[in-house]
Amino acid sequence: MARLRELWLQLQSINRIQSPPINRVRQQLAKEFPEAALSDSKPGDDGMVPLWAWLAGRERNTRRKSSYYDRLYAKSIAPKYGVPISDFTRTLAGLLCDLRDWENKIVASILELLAAPEFMAYRKVMTRFGIGV
């Protein structure tokens, strides 16, 4: 239980750490790539947020390669006016990708702990009430 609590607190801490860089990247994108500034920041199947990964130049582990943001940026108004995506924005996006990787590792550890026989009774009850992991 102590390890589970420790991991949960770490996960909550990472969630709080992510908010300021996300807000700052969105501010930057309002000028540098306005079409993507308010894009959804939900993680994809690989656990990465597609926009952050694209900005940071990170390879994603997906079944098919997506060029959505490449196409959207090619049509964007900012490059037409000579406003590129800054290194600052790309570095912050890289930081967000690193935090996301860290979050994914913690979640994997939590799921591993919850698979232990000691937690099966709790998981059955939670499943009955429709409460996910």
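Based on the Kirkwood radius over alpha-carbon pairs, what value in µm²/s does the Stokes-Einstein equation return for the translational diffusion coefficient of region 17-67 at 10 °C and 1.306 mPa s?
The diffusion coefficient I find is 136 µm²/s.
Cβ under 15 Å from Gln28's Cβ, Gln28 left aside: what net charge do those residues give with Lys, Arg +1 and Asp, Glu -1?
Around Gln28, the surrounding residues sum to +1.
Which loop GluC sites (Glu not before Pro) in region 59-133, with loop taken from DSSP, have no more than 12 other Cβ atoms within 10 angstrom of their Cβ?
Details: sites: Glu59, Glu103, Glu112, Glu118; in loops: Glu59.
Here the sparse-neighbourhood loop sites are Glu59.
Can you work out the FRET efficiency for the pair Ile22 and Ile77, with r the C-beta to C-beta distance and R0 = 30 Å, to the nearest 0.05?
Values: r = 23 Å, r/R0 = 0.75.
With R0 = 30 Å, the Cβ-Cβ based efficiency is 0.85.
Hey, got a sec? Which chymotrypsin sites (Phe, Trp or Tyr not before Pro) in region 62-128 land in a DSSP loop and have at most 11 other Cβ atoms within 10 Å?
Here the sparse-neighbourhood loop sites are Tyr81.
For the pair Thr91/Leu4, report the inter-label distance in nm, with labels modelled 7 Å from Cα in the Cβ direction.
4.1
With only alpha-carbon atoms in the gyration tensor, what are the semi-axes of the equivalent ellipsoid for region 2-103, in Å, largest first?
28, 16, 10
Subtract the Cα-Cα distance of Gln12 and Tyr68 from 0.36 nm times their separation in residues, and report this length gain in nm to one decimal.
Full extension of this stretch gives 17.1 nm more.
Where in region 54-87 is the amide nitrogen less than 18 Å from a point lying 7 Å along the Cα-to-Cβ axis of Asp101?
Label zone hits: 54-62.
No value in this document is a laboratory result; all are computed from the given coordinates. These figures come from a predicted structure and were not determined experimentally. Every residue, glycine as well, gets a Cβ built from its backbone with ideal geometry; the counts of neighbours run over all protein chains shown.
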